[in-house]
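Undergrad: Quick one: the structure is below, questions incoming.
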Amino acid sequence: MVNTKISLCGIEIDNPVIPASGTYGFGYEFAELYDINCLGTFSFKGTTKDARFGNPTPRIAECASGMLNAVGLQNPGVEKVISEELPKLAKVFNKKVMANVSGFSLEDYVYTCEKLDKQEQVGWLEVNISCPNVHGGGMSFGTSCESAYEVTKAVKAVTTKPVIIKLSPNVTDIASIAAACESAGADAISMINTLMGMRINLKTRKPIIANKTGGYSGPAIMPVALRMVYQVYEAVKIPIVGMGGISTAEDVIEMMLAGATAVEVGAANLIDPYACKNIIDELPKAMEKYRINDLKEIIGGAH
Amino acid sequence: MKQTVFEIISNKKIAKDVYEMVLMGDTQGIAPGQFVNIKLEGLYLRRPISVCDYDEKTLTLVYKVVGKGTEQMSTMSKGVKLDLLTGLGNGYDSAKSGEMPLLIGGGVGVPPMYAQAKKLIFEGKTVSVILGFNASDEIFYEEEFKKIGARVFVTTVDGSVGIKGFVTDALSEVGEYSYVYTCGPEVMLKAVYNATVVSGQYSFEERMGCGFGACMGCTCKTKYGNKRICKDGPVLEKEEIIW
């Protein structure tokens, strides 16, 4: 019997498979299909201080082995997430959930994190300083060591739960940004958010996405994610939640060998709603195939 | 929502760039006005196609070749198996139709009208249908609608068949109607909205990510709040639409 359990910032989870924020809503659509308690945990839809409609449509475009999205953090705002979404979620999910938070100012991040930190269902705070699809906030916090440090420090000052900082790949030196987060007290790093991209409609000769640019995700970006996780693993001591194109149990193993303690699965959920369940079901078989008895022993194994 | 494998029974061209694909599989839970989301080889995102017709064992999709996905579908033969998500979207609500509903389909907005017309006729309603096309070579399903007992009015923009003009130009010939069900290009939906006084249900189209409400890729604003076209739509009530 293989062991898929891992510990993420002191909280033990049954397996390292975590649906990524923005691809799993608040879990209900998937709970109609299977018991979502099979997940390690999941990262819920990116939440901001105030309700947001997000960007105009089209927000989605097809790409080679992947997709672009520019949803722009549509969410009902933190008050409604706490009063409406979390109670609904409690009916279908009895594990700790990862609260994904975004903001447009330092105060926004502090306000939203402080509120969600007090929720019993929340196990971790995943602070998104890397959304490529909003203007005047989001990714801009994650593209310099100074601002990444500041957000981390400010959030850590008002919270008690593990804080995971979600990083952008749209930078020249992701390892130094991860190190800045670590020095500010981050408990973990999650990476990578989407890669900024564009598609153009040949008939209209204009970008397909109304926001013009979007975030590229899907299997195409996995080599980029692996490389960056590998680099950050060498730069920090805190755990890494690796993501970017993961679609199979073997992808999970590969990401963990690069240095990830757990993984998030994003775009794959949109193509195959059973993706996470299937990965979890396949994981023990894949472990046996590669002679892995205990999954946590392979973390960073490629170094 | 259900994820199931369907097998193609037939796939044939029925008008200019328009194909009819009949598939065999588990059709339980499928309703008029809904859509299915199809996984295709070599393409990442599934392709959403509206439900044209269904019975206990078969599902009929009528689609127009507009891009790589539908082009690939048009070349598929009998026996090919496809991975489908079915039962997607809210579909039409027949309860509000009144006794004399009017169905208006434009171009590839015609197919979803067929299953809805069948359902309303089965329920004993007097159904009128306006089918709008650009030209005679694009016309499909006129006979199918007649066979199930609908009063059919065809319009063509070039006047080659039926009433010359747009679907709204046929309204005066229809006479009295109690409610409108419609699907077509947004410009057509808006024209129908303005040209009719009765209430109705309007089916919208948007580029989708997942098709089942998870990604928020297709959200629109309505008077009743934000709605995901794939999950809370594609059918919206006339009263909630914001143009």
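We did not get these values from a lab; they are worked out from the coordinates using the rules stated. Treat the numbers as computed from the prediction; the structure is a model and nothing was measured. FYI the Cβ positions are ideal-geometry reconstructions off the backbone, even for glycines, and counts take in every protein chain you see.
Undergrad: Got a sec? Which strands (runs of 3 or more DSSP E) wholly within the range B:146-243 have at least 2 residues that are more than 14 Å from every other protein chain (Cβ to nearest Cβ)?
TA: B:151-156, B:179-183, B:200-203, B:235-237
Undergrad: Suppose we filter B:MET21, B:MET73 for residues that are assigned to a strand (DSSP E or B), aliphatic (A, V, I, L, M) and crowded, with 20+ Cβ neighbours inside 10 Å; which single one remains?
TA: Sole residue among the options that is assigned to a strand (DSSP E or B), aliphatic (A, V, I, L, M) and crowded, with 20+ Cβ neighbours inside 10 Å: B:MET21.
Undergrad: Follow-up question, since we're still on this one. In the range B:49-60, which residues are under 11 Å from the mean Cα position of the chain (by Cα) and under 18 Å from B:VAL5 (Cβ atoms)?
TA: Passing the criteria: B:ILE49, B:VAL51.
Undergrad: What tally of residues in the range B:85-102 results from selecting those that are under 25 Å from B:VAL22 (Cβ atoms) and in contact with a Leu (Cβ under 8 Å, 6 or more places away or on another chain)? Break it down stepwise before answering.
TA: Within the range B:85-102, the first condition is being under 25 Å from B:VAL22 (Cβ atoms), and the residues that meet it are B:85-92, B:94.
Within this subset, residues satisfying the condition of being in contact with a Leu (Cβ under 8 Å, 6 or more places away or on another chain) are B:86, B:94.
Residues in the range B:85-102 being under 25 Å from B:VAL22 (Cβ atoms) and in contact with a Leu (Cβ under 8 Å, 6 or more places away or on another chain): 2 in total.
Undergrad: State which residue is nearest to A:GLY185 (Cα to Cα) when the search covers only the range A:3-28 and only residues that are away from chain B (no Cβ under 14 Å) and out of contact with any strand residue (DSSP E or B) (no Cβ under 7 Å at 6 or more places or on another chain).
TA: So in the range A:3-28, the residues away from chain B (no Cβ under 14 Å) come out as A:3-18.
Now restrict to residues that are out of contact with any strand residue (DSSP E or B) (no Cβ under 7 Å at 6 or more places or on another chain): A:4, A:7, A:10, A:12, A:14-15.
Working: A:THR4: 28, A:SER7: 18, A:GLY10: 15, A:GLU12: 21, A:ASP14: 26, A:ASN15: 25 Å.
The qualifying residue nearest to A:GLY185 (Cα to Cα) is A:GLY10.
Undergrad: Okay, next question. Counting only residues that are free of Cβ contacts under 8 Å to residues at least 60 places away in the same chain and within 14 Å of chain B (Cβ to nearest Cβ), how many does the range A:96-107 have?
TA: Within the range A:96-107, residues that are free of Cβ contacts under 8 Å to residues at least 60 places away in the same chain and within 14 Å of chain B (Cβ to nearest Cβ) number 1.
Undergrad: Let me ask you something else. Filter the range A:76-95 down to residues that are buried (at least 19 other Cβ atoms within 10 Å of the Cβ) and in a loop (DSSP other than H, G, I, E, B) and give me whichever is farthest from the other protein chains (Cβ to nearest Cβ).
TA: Applying the filter and picking the extreme gives A:PHE93.
Undergrad: Among A:LEU73, A:LEU68, which is the only one that is within 13 Å of chain B (Cβ to nearest Cβ) and in a strand (DSSP E or B)?
TA: Checking each option against the conditions leaves just A:LEU68.
Undergrad: Another question, then. Just name the residue that is farthest from the other protein chains (Cβ to nearest Cβ) out of those in the range A:241-281 that are over 18 Å from the mean Cα position of the chain (by Cα) and farther than 26 Å from B:ARG47 by Cβ.
TA: Going through the qualifying residues, I end up with A:LEU257.
Undergrad: Just give me the residues in the range A:99-127 being in a strand (DSSP E or B) and not aromatic (Phe, Trp, Tyr), in sequence order.
TA: A:ALA99, A:ASN100, A:VAL101, A:VAL122, A:GLY123, A:LEU125, A:GLU126, A:VAL127
Undergrad: Which condition number in (1) at the interface with chain B (Cβ under 10 Å from one of its Cβ atoms); (2) aromatic (Phe, Trp, Tyr); (3) touching an Asp or Glu at 6+ places or on another chain (Cβ under 9 Å) is the one that A:PHE53 fails?
TA: Looking at each condition in turn, A:PHE53 falls short on (3).
Undergrad: Taking the stated definitions as given, is B:GLY124 buried (at least 23 other Cβ atoms within 10 Å of the Cβ) and either in contact with a Cys (Cβ under 7 Å, 6 or more places away or on another chain) or farther than 28 Å from B:CYS230 by Cβ (or both)?
TA: no
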